[in-house]
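**Q** I have a structure I would like to understand better, so I am pasting it below and will then ask my questions one at a time.
The values are calculated or read from the model by the stated rules, or taken from the named source; none is laboratory data. Note that the structure is a prediction, hence the values are computed from the model and not measured. As a convention, Cβ positions derive from the backbone with ideal geometry for all residues, glycine included, and neighbour counts pool all protein chains shown.
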Amino acid sequence: MVTHPFHPLCGRDLPVLFERRTRRGLWFVCEVDGKQRATLRQEWTDRGAPAGDQRLSADGLTALREVVDAVAGRRSGTTQVGE
């Protein structure tokens, strides 16, 4: 079953034709409506680890933004206040 919430096939049970392991993980090649094939990451299915219920808090998002800004500043060669 496709479990990724933003995938257009979310909630559909699809037969797995075969599996493919790559350096980026396990992928399933599935049949859609007997005509097409869809390639899905294991994490996007009920065979992957269940998705977490927790969302990032406002404090967590603020801290993440600070890290992103610091990395972006280093790449562009500018100096951030407080460095």
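**Q** Can you tell me which residues in the stretch 22-56 are modelled with pLDDT of 95 or more and of a type in the set (Lys, Arg)?
**A** Arg37 - this is the single residue of the stretch 22-56 that is modelled with pLDDT of 95 or more and of a type in the set (Lys, Arg).
**Q** Another question, then. Can you say whether Gly82 is assigned to a loop (DSSP other than H, G, I, E, B), loosely packed, with under 11 Cβ neighbours inside 10 Å and either outside the structural domain of Thr3 (by TED's automatic domain parsing) or at pLDDT below 90 (or both), as far as the supplied structure shows?
**A** yes
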